[in-house]
Amino acid sequence: MPCHEGEEAGIIIEGQLELTVGKDVYLLNPGDSYYFDSNRPHRFCNPSNDKKCRLISCTTPGNF
């Protein structure tokens, strides 16, 4: 799983998101939010084969 300098935060708008941070796994639904230090190994996964996941995501520092 990748890790990098900074922080990440977001909120789920539609669908579900499986978020893994270190050894912890979270299943997030619409209205749920997340925040973590990006130097911890992490990954994002849409657990559905047929439904889209929409979210608003923020990272710092900006990398684009």
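Report, to two decimal places, the Cα Rg of the chain normalised by 2.2 N^0.38 Å (N = number of residues).
Here the Cα radius of gyration is 1.09 times the empirical estimate.
Hey, with R₀ at 25 Å, roughly what FRET efficiency would PHE44 and ILE13 work out to, going by the Cβ-Cβ distance, to 0.05?
It comes to 0.95.
For a Förster distance of 22 Å, can you work out the FRET efficiency between the beta-carbons of MET1 and TYR26, rounded to the nearest 0.05?
The computed FRET efficiency comes out at 0.95.
Which of SER48, VAL21, THR60 sits closest to the plus end of the dipole of the chain, meaning its Cα is farthest towards the positive end, when Lys and Arg get +1 and Asp and Glu get -1 on the C-beta?
Farthest towards the positive end: SER48.
Every read-out reported here was derived from the displayed coordinates using simple, explicitly stated rules and does not represent laboratory data. Quick caveat: nothing in here was measured; it's all calculated off a predicted structure. Cβ coordinates were reconstructed from backbone atoms using ideal geometry, including for glycine residues, and neighbour counts include every protein chain displayed.
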